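What follows draws every value from the coordinates through simple rules; no lab data is involved. On a predicted model such as this, the values are computed, not experimentally measured, just so you know. No Cβ is skipped: glycine too gets one built from the backbone with ideal geometry, and neighbour counts run over all protein chains shown.
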Amino acid sequence: MVENELAVLREIRRIVSQELEWEGEVEPTHHLLKDLQLDSMGLTVLAVELENHFRIRLSAEDSVGVNTVGDLMRLVATRAAGEPRAAAGGAP
Amino acid sequence: MNSASGQDSLPVIRAVERMLPPHYARQDQIIGALRELWATRHYNLERLEDLHRSVRVDGRFLALPIERYPGLVTFQQRNDAWIQVATDLGEQVVRKALDRAGLTPQDVDHVFFVTVTGIATPSIEARLMNRLGMRPDMKRTPIFGLGCVAGAAGTARASDYLRAWKGHTALLISVELCSLTLQREDLSIPNIIASGLFGDGAACVVLRGGECPDAGPRVVATRSVMYPNTERIMGWDVVDTGFKVVLSAKVPQLAREFIRRDVDGFLAEHGLTREDVKHWVAHTGGPKVLQSFEEALELPPEALARSWASLREVGNLSSASVLFVLGEMLESGEARPGDWGVMMAMGPGFCAELVLLRW
């Protein structure tokens, strides 16, 4: 697991526990819907917080094939590496 | 089986009126007003705009002109505005409802006032007694906190009262000014969704006891249902700046899981099934809640058309919404003598209230 993916995992764990009040473990093999029991609001909160933290945009097309925490880690890490960060405090 | 035996002694819904505040804002105007604020925390604003549009609301009628909201910073400022507009709107809707019923303020024996968007002591219905010149012996029951379920629950509680006082007249007044609860500094996703969904409005139902010679649907029975350990599904966290919304995506899921069981059980106690119900008067909730109702109850495509239209035109008005739908339904003249109807709403608790109507 590369460093960027670990950073994403840490952020996913923070969001899921702090923002979504999930008390269980969060591992890359966990299914977002089945294991973490995320509903549409939960998925939206997760996506928005990842976008805010890593200054990226995730689209509906991006979500195709994203089923597990590991899938999401790889997607966000790739996108964060490829998309330049916006200026601090800057809006798109 | 037919529950209509002795139906003439049951409370009757004599009239329903609705009132909207005068300041209309299209959804894109509201998005425009909030966009800069969202940008202070969020990166992908297009996603938030999509969320606002996904609630399928075209626009809302607001208690105040949209440019006045940024100036309302403290709880006191918001609540003071709420008291003023709630009293004005309440007065207008009561006058219209009593006119429609052919009654005067002096005819009213008991007022049930429901809201979840502001607080006042003396409560709003006390202020209306002075404005409308109601009788000094009129009884008052202000109810705060039932939220979206209060339109149906208020109808049920007023009917309970009229079962004991068969010659009396009761009003149910609902005033909800959701826009005045908006916590601008709360940039959480539930609050952003709420800021896209909820609107302002007031409704008044005139109900009369079975001894009164009135036409209209009778309240045959009511049912309250509480879902255990669901306190964080919907509600307010009361914070220094007012009411911070608690809104879980589990609301549609709960509706899907339980409404069928509860409706079927309630109807069965009266020898009825869903096929016997001709008119469904559903709280507008949001698109997913309405879809859950349709799917769980296997309703025909047009069964909730009025709820969908109300959602689109004015947004979710909390407790007033189901009364708006009821008012539209009565005004249509669609119901025929003998028709059964079910009024239903869900709200904080988490809970549901069902009201069985017969024309």
Exercise. Can you sort A:THR78, B:THR273 so the residue with the fewest Cβ neighbours within 10 Å comes first?
Worked result: B:THR273, A:THR78
Seminar exercise, completed: Within 10 Å of the Cβ of an average residue in B:193-200, the count of other chain Cβ atoms is 0
Exercise. Highest GNM mean-square fluctuation, chain B, Cα pairs closer than 10 Å: which of B:VAL239, B:VAL16, B:VAL263?
Worked result: B:VAL239
For this session: Would you list, by chain and number, the lysines whose Cα falls below 17 Å from the Cα of B:LYS288, excluding same-chain residues fewer than 8 positions away?
Result: B:LYS250
Exercise. Relative contact order (percent) for the range A:3-82, with alpha-carbon contacts under 8 angstrom and 6 or more residues of separation?
Worked result: 42
Exercise. With a 10 Å Cβ neighbour count serving as the proxy for reagent exposure, in which order, fewest first, do A:VAL2, A:VAL64 appear?
Worked result: A:VAL64, A:VAL2
Problem set entry | P(r) histogram, all alpha-carbon pairs of the range B:1-134 included - 5 Å bins from 0, percent | 2, 8, 14, 14, 15, 13, 10, 9, 7, 4, 3, 1, 0
For this session: Return an integer: the convex hull volume of the alpha-carbon atoms of the protein assembly as shown, in Å³ per residue.
Result: 142
Exercise. From the phi of every residue in the range B:98-109, what ³J(HN,Hα) in whole Hz does the Karplus formula 6.51 cos²θ - 1.76 cosθ + 1.60 yield, where θ is phi - 60° and glycine or proline is x?
Worked result: 5, 4, 4, 7, x, 10, 10, x, 5, 7, 7, 9
Exercise. Within chain A, what's the longest stretch lacking trypsin sites (Lys or Arg not before Pro) that sit in DSSP loops with no more than 11 other Cβ atoms inside 10 Å?
Worked result: A:35-84
Seminar exercise, completed: Relative contact order of chain B (C-alpha contacts under 8 Å, at least 6 apart) in percent is 26
Problem set entry | Interatomic Cα distance distribution for the range B:68-136, bins of 5 angstrom, percent | 3, 15, 26, 21, 15, 10, 5, 4, 1
Exercise. How do B:ASP186, B:ASP160, B:ASP8, B:ASP200 rank when sorted from fewest to most other Cβ atoms within 10 Å of their own Cβ?
Worked result: B:ASP8, B:ASP160, B:ASP186, B:ASP200
Problem set entry | Table column - 3J(HN,Hα) (Hz), the range B:117-126, Karplus curve with 6.51, -1.76, 1.60, x for Gly and Pro | 10, x, 10, 7, 9, x, 6, 4, 5, 5
Seminar exercise, completed: Hull volume per residue for chain A, using the convex hull of the C-alpha atoms, in Å³ is 102
For this session: Name the long-range amide H neighbours of B:LEU62: under 5 Å, sequence gap of 5 or more, or other chain; modelled H, no Pro or chain starts.
Result: B:HIS23, B:TYR24, B:ALA25
For this session: Using only the Cα atoms, work out Rg/Rh for the range B:215-358, with Rh taken as the Kirkwood radius, to two decimals.
Result: 0.97
Seminar exercise, completed: Candidate cut points under GluC sites (Glu not before Pro) in the range B:156-263, DSSP loop plus at most 16 other Cβ atoms within 10 Å of their own Cβ, are B:GLU185, B:GLU211, B:GLU231
Exercise. Can you give me the relative contact order of the range B:108-237 as a percent, contacts being Cα pairs under 8 Å and 6 or more apart?
Worked result: 29
Problem set entry | Amide proton proximity set for A:LEU36, modelled H, under 5 Å, gap of 5+ | A:HIS31
Exercise. Which shape class, rounded, prolate or oblate, goes with chain B when its Cα gyration tensor gives a ≥ b ≥ c as root eigenvalues, a/c under 1.5 marks rounded, and past that a/b bigger than b/c marks prolate?
Worked result: oblate
